[in-house]
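Heads up: the structure comes next, in structure tokens.
Just so it is clear, none of the values below were taken in a lab; they were calculated from the coordinates. Just so it is clear, the structure is predicted and the values come from calculations on it, not from any experiment. Don't worry about glycine lacking a Cβ; one is built from the backbone with ideal geometry, like all the others, and counts go over all protein chains shown.
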Amino acid sequence: MSLLEVDRLESFYGASQALFGVSLAVAEGEVVALMGRNGMGKTTTIRSVLGLIRPRGGRIAFGGSEIAGMRPHRIARLGIGLVPEGRRCFPNLTVHENLVAAARKGVWTEARVTELFPRLGERRDQFASTLSGGEQQMLAVGRALMTNPRLIILDEATEGLAPVIRKDIWAAIRTLKAAGQSILVVDKTLAELLPVADRCFVLEKGTTVFEGTPQALTPELQDRYLGV
Ligand code: ATP
């Protein structure tokens, strides 16, 4: 059984329909890529899964429970951790305080997070506001891990970062995968995303148009759906 199962999801912004039947699934321990050009519905799908948008059609099941329509804090507590676009941390808390504020019981502790991102250990007592963009993104990943989520969702987590920092984030994603963490990733960097993904879902105009392995997403299909 899948950890996350989204079935024919329909979501709206007011009267305007954005999702017309998005289906996707993430199995336990799997890395799944959610892809599609700008405006095709990736963020809306994630916001629906997190309970930030109440879907008007379809189903969302997490760990076997129906979660569509549940409040965001309840969904988070069931074990979905988000690394949002634009790295939101508490600027006036230190790195250490940001991490412990997010902590919930589990295998991910501050020690393990700083092992994954040694830079955060070095910056332990600095305010988050004084970190570089890349360090703040590492902190955002660390905060999500500290909640010990069953599923971690990365929404454009490498967007706008310097190449060396992106490399660190991708290395961290590979480490998480090796540790058996279930991950749903939205990212535009196919060269990094495809090798780490077990399965890909592609959205077009609010509908899932492709589901398959990265190998099945041939250059022709990439060109058709992703315009690369
Ligand atoms: P991107 O890669 O640019 O983030 P996306 O695939 O995440 O794109 P969404 O942001 O989910 O796409 O957008 C899906 C559709 O919903 C688009 O047509 C977009 O214009 C519309 N949309 C997104 N946010 C809103 C909003 N707050 N109000 C109204 N329409 C919106």
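With a threshold of 26 Å on the Cα-Cα distance, the over-threshold entries among Lys42/Lys105; Lys167/Lys188; Lys105/Lys167 are Lys42/Lys105; Lys105/Lys167. Projecting label points 7 angstrom from Cα along Cα→Cβ for Val100 and Ser129 puts them 2.1 nm apart. If you take the beta carbon distance between Ala162 and Glu66 as r and set R0 to 41 Å, what does 1/(1 + (r/R0)^6) give as a FRET efficiency, to the nearest 0.05? FRET efficiency, Ala162 to Glu66: 0.50. Descending by average beta-carbon neighbour count within 10 Å, the peptides 51-57, 13-19 line up as 51-57, 13-19, the highest first. For the range 4-226, the square roots of the Cα gyration tensor eigenvalues, ordered a ≥ b ≥ c, give a/c of at least 1.5 with a/b greater than b/c, which places it in the prolate category. A simple count of charges around Ser23, restricted to other residues whose Cβ falls under 12 Å of its Cβ and scoring Lys, Arg +1 and Asp, Glu -1, yields -2.
Could you work out the helix-only [θ] at 222 nm for the chain, with each DSSP H run of four or more residues adding -39,500 (n - 2.57) and the total divided by the number of residues, to the nearest 500 deg cm²/dmol? Before the final figure, lay out each step's value.
Numbers: 9 runs with 81 residues, N = 228.
Calculated at 222 nm, the ellipticity per residue is -10000 deg cm²/dmol.
Distance from the alpha carbon centroid of the range 180-203 to that of the range 86-136 works out to 24 angstrom.
In the range 4-226, what percentage of the DSSP-assigned beta bridges are antiparallel, given to the nearest 5?
Details: 21 of 37 bridges.
The antiparallel fraction comes to roughly 55 percent.
Using the per-residue mean of other Cβ atoms lying within 10 Å as a proxy for protection, in what order, highest first, do the peptides 134-146, 101-113 fall?
Values: 134-146: 24.2, 101-113: 15.5.
Result, highest mean Cβ count within 10 Å first: 134-146, 101-113.
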